[in-house]
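J.: Have a look at this one.
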There are 2 protein chains.
Amino acid sequence: MTSLTELNQYSSEHNHNQCVSLALGTAQQLCNQRGVLLTTIRHQVLTLIWESHKAVKAYELLDRLRPLQATAKPATIYRALDFLIEQGLIHRVESLNAFVGCRCSDQQHEQLLLICKLCEQVDERPAAEVMSALLEESKQAGFMIHSKAIEIHGICSDCSTK
Amino acid sequence: MTSLTELNQYSSEHNHNQCVSLALGTAQQLCNQRGVLLTTIRHQVLTLIWESHKAVKAYELLDRLRPLQATAKPATIYRALDFLIEQGLIHRVESLNAFVGCRCSDQQHEQLLLICKLCEQVDERPAAEVMSALLEESKQAGFMIHSKAIEIHGICSDCSTK
DNA sequence: TAGGTAATTGTTATATTATTACATCAGAAA
DNA sequence: TTTCTGATGTAATAATATAACAATTACCTA
């Protein structure tokens, strides 16, 4: 079986339907395992986020959710986003105030994010070397890590070779 | 001469006046060298930011600036912040929507930020190993770096030993 | 199946963060 | 003096996010 992390969304010919169905399938499975509910709204928001590999703004999601949920309000979106983040199904991109689907929700969730300024796509990388250097650095500083946001902005390989 | 980076703000007995005068001195010097103006407002905002090693919110700065600049408005603060960031004199902490003085403005500006959840102080570290691992990772991904935000949240050594 | 409870969603209002556009002013250069 | 540039004043508004409370739904168990 293909795993989420084996797909590279930057390649223009990637099968995005496969991305989406893998992501939603994994999400459902994880929620089942954890005894939490992937309700209709949460499922819809996750699906909207997965429409592309770009980070999406909350109010853009709201606009896109409204046709499906006539009563949707900001709180509707933010609650769904909170849930999806808690469950590790999406990333909050701090430097963009935006949200992107996580392709590694079943594994190590904290990843390095490579954010392309041109195509706006966000790539996740486990970046083991970076993470271990980070651990070492924190250890030296006597700092106990709770969470990390590692966000790199630049030009992705696909855009720079075009 | 003591350099900014030799001081550790986490040690409760550090001489903060020294931090401030070093920071403001370096800032003035850099602005002179670059032929840009550290105007009264910009100097005041930088001074307010340096009142502590905590990240400060824009509207909190505004409140604290108003006694000094009766006409100050949001744009006043955001313009000063934009300038200070451009000149590398402060960091924007993306994950807090807040701002903190930079102790390495005369050197490599992009640093790892260690943000304590208890005392709220922000420590900067050049973290050479992390940065080189990051470069290597980007290279492998064919990604051209423009800028980085590396923000680690947790408990600082000072707080965890208290 | 009825009743209790916790989780989810609906709804309104508002807080917080940030930008845009245009007017004015101050200082350096022609 | 005129002109240009950068900085600031000012008003309005856009964009992002949360709080508080009511209503509904899902689920457990007696």
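The values are calculated or read from the model by the stated rules, or taken from the named source; none is laboratory data. What you are looking at is a predicted structure, and each value in this text was computed from that prediction instead of being measured. When we count neighbours, we look across all protein chains shown, and the Cβ atoms used for this are built from the backbone with ideal geometry, even at glycine. Please note that ligands, DNA and RNA were not included when accessible areas were found on the heavy atoms of the full protein model with its side chains. Shrake-Rupley method; radii C 1.70, N 1.55, O 1.52, S 1.80 Å.
J.: For the stretch A:119-132, which residues satisfy the criterion of being within 17 Å of residue B:141 (Cβ to Cβ) and part of a helix (DSSP H, G or I)?
T.: Matches in the stretch A:119-132: A:128, A:129, A:130, A:131.
J.: Quick test for you: out of B:42, B:79, pick the one residue that is open to solvent by 50 Å² or more (accessible area, probe 1.4 Å), free of Cβ contacts under 8 Å to residues at least 40 places away in the same chain and over 30 Å from residue A:133 (Cα atoms).
T.: Selected residue: B:79, the only one of B:42, B:79 that is open to solvent by 50 Å² or more (accessible area, probe 1.4 Å), free of Cβ contacts under 8 Å to residues at least 40 places away in the same chain and over 30 Å from residue A:133 (Cα atoms).
J.: For a quick check of your reading: which helices (runs of 4 or more DSSP H) sit entirely within the stretch A:17-118 and have at least 2 residues that are within 28 Å of residue B:97 (Cα to Cα), of a type outside the set (A, V, I, L, M, F, W, C) and within 10 Å of DNA strand D (Cβ to nearest atom)?
T.: The helices (runs of 4 or more DSSP H) meeting that bar are A:58-65, A:74-86.
J.: Would it be correct to say that residue B:64 is modelled with pLDDT of 95 or more, open to solvent by 50 Å² or more (accessible area, probe 1.4 Å) and away from every other protein chain (no Cβ under 14 Å)?
T.: yes
J.: Which residue out of A:87, A:69 is within 9 Å of DNA strand C (Cβ to nearest atom) and open to solvent by less than 60 Å² (accessible area, probe 1.4 Å)?
T.: That would be A:69, the only listed residue that is within 9 Å of DNA strand C (Cβ to nearest atom) and open to solvent by less than 60 Å² (accessible area, probe 1.4 Å).
J.: Being more than 8 Å from chain B (Cβ to nearest Cβ) and farther than 13 Å from residue B:130 by Cα is the filter here; which residues of the stretch A:117-138 pass it?
T.: The answer is A:118, A:119, A:120, A:121, A:122, A:124, A:126.
J.: Something else now. Search the stretch A:139-162 for residues being facing another protein chain (nearest Cβ under 7 Å) and assigned to a helix (DSSP H, G or I), and hand back the single one that is least open to solvent (accessible area, probe 1.4 Å).
T.: A:141
J.: While we're looking at this one, here's another question. Of (1) in contact (Cβ under 8 Å) with a residue 40 or more places away in the chain; (2) in contact with a His (Cβ under 9 Å, 6 or more places away or on another chain), residue B:151 satisfies all except one. Which?
T.: Looking at each condition in turn, residue B:151 falls short on (2).
J.: Sticking with this structure for a sec: Are any residues in the stretch B:97-116 buried (at least 19 other Cβ atoms within 10 Å of the Cβ), facing chain A (nearest Cβ under 9 Å) and under 13 Å from the mean Cα position of the chain (by Cα), and if so, which ones?
T.: Answer for the stretch B:97-116, where residues must be buried (at least 19 other Cβ atoms within 10 Å of the Cβ), facing chain A (nearest Cβ under 9 Å) and under 13 Å from the mean Cα position of the chain (by Cα): B:112, B:114.
J.: Same structure, new question: If residue A:76 meets every condition in (1) within 12 Å of the chain's Cα centre (by Cα); (2) away from chain B (no Cβ under 14 Å) apart from one, which number is that one?
T.: (1)
J.: Given the conditions (1) away from every other protein chain (no Cβ under 14 Å); (2) more than 28 Å from residue B:123 (Cβ to Cβ), report the number of the one that residue A:88 does not fulfil.
T.: (2)
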